[in-house]
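Throughout, read-outs are computed from the coordinates displayed, never taken from laboratory work. Bear in mind that the values here come from a model prediction, so they are computed numbers and not experimental data. Cβ sites come from the backbone with ideal geometry, for glycine too, and all protein chains shown count toward neighbours.
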Amino acid sequence: MSVLLRTEGLSFTYGINTPFEKQAVKNVNIEINKGEVIGVIGHTGSGKSTLMQMLNGLITPTDGTVYLDGADIFENKKNLRQVRFKVGLVFQYPENQLFEETVRKDISFGPRNMGLPAEAVDKRIRKAAKFAGLREELLDRSPFDLSGGEKRRAAIAGVIAMDPEILILDEPTAGLDPMGRDVLLEQIDAYHKSRGNTVLLVSHSMEDIARIADRVLVMYKGECVMLDTPKAVFARSDELEQMGLRVPQITKITTMLRDMGVALPEGILTVDEAFEQICGILRKEGKIC
């Protein structure tokens, strides 16, 4: 894989020279490859959102820089608009980003600002709505008449419509019920597999991260303390718990079963994987699964 996004000494301090001065991100040096899904985890206040906003130039770092395709995105401030077309950011509670009269206009905002012709814009609207799981009959309704889940999908579709090389999703499933969360996560996964782009998914749900991430980035007190495969990261459960994080619930359960003598492998991260392993054991014992 080729490196698409790289940070070098990336730091940011809020309220410099005021009583409220706080360093939110400290000397982050990471490399993100083209086509990867990166899960981003960390407790509240760990610097996740600040880091994500620096990756697409919304926040200018106090120190360090971000390289996109080898180019410093902050070298020429006039180019930041183009950077944001390439690095799309969906904020936490993205329905607050909706502002147009209709869902169609909201989704079209990015493509229109890219200078695309009307036919191309319309094509992108339909394609993005489909990827986000938004029914076509909703496109001409006011975004404020939609349900919470539909608003979330409309906001995500507005970023997808710009066809970014990198899609950053900051807690996209926050506040959704379990079924809504699962559906939205499946749509994000399907979008990534179809588009083949790079996705950064910020989430408090370890289960969500374990399901779709190629690597996991762990933020703690503004620093990147881990960047590795889900199995490698969640194997360090004691360290994660000291940071106020936890491993997926199914990993805890299968670890307990293994400690009780059940011949399960280490590093089980999903319910499907646990089901497959347990069924395999039962079949060997001549039991039906």
- Message: Could you list 65, 18 so that the one with the fewest beta carbons within 10 Å of its beta carbon is first and the one with the most is last?
- Response: 18, 65
- Counting other C-beta atoms within 10 Å, which of 185, 116 has the fewest, and how do the rest follow? 116, 185
- Task: Sort 36-42, 3-9 for me by packing, meaning the mean count of neighbouring Cβ atoms within 10 Å per residue, highest on top.
- Result: 36-42, 3-9
- Sequence of 144, 131 once ranked by neighbouring C-beta atoms within 10 Å, starting from the fewest: 144, 131
- Query: Which aspartates and glutamates does residue 48 reach when only Cα atoms under 17 Å apart count, and residues fewer than 8 places away in its own chain are ignored?
  - Reply: 8, 31, 63, 170, 171, 208, 223, 228
- Note on the structure: For the table 34/221; 34/130; 86/130; 77/231, the rows whose alpha-carbon distance is greater than 29 Å are 77/231
- Query: In deg cm²/dmol, rounded to 500, what helix-only [θ] at 222 nm does the chain give when every DSSP H run of at least 4 residues adds -39500 (n - 2.57) and the total is split over its residues?
  - Reply: -11500 deg cm²/dmol
- Query: What percent does the relative contact order of the chain come to when contacts are Cα pairs within less than 8 Å and at least six residues apart?
  - Reply: 21
- Message: Under the rule a/c < 1.5 gives rounded, and otherwise a/b versus b/c splits prolate from oblate, where does the chain land using the Cα gyration tensor?
- Response: oblate
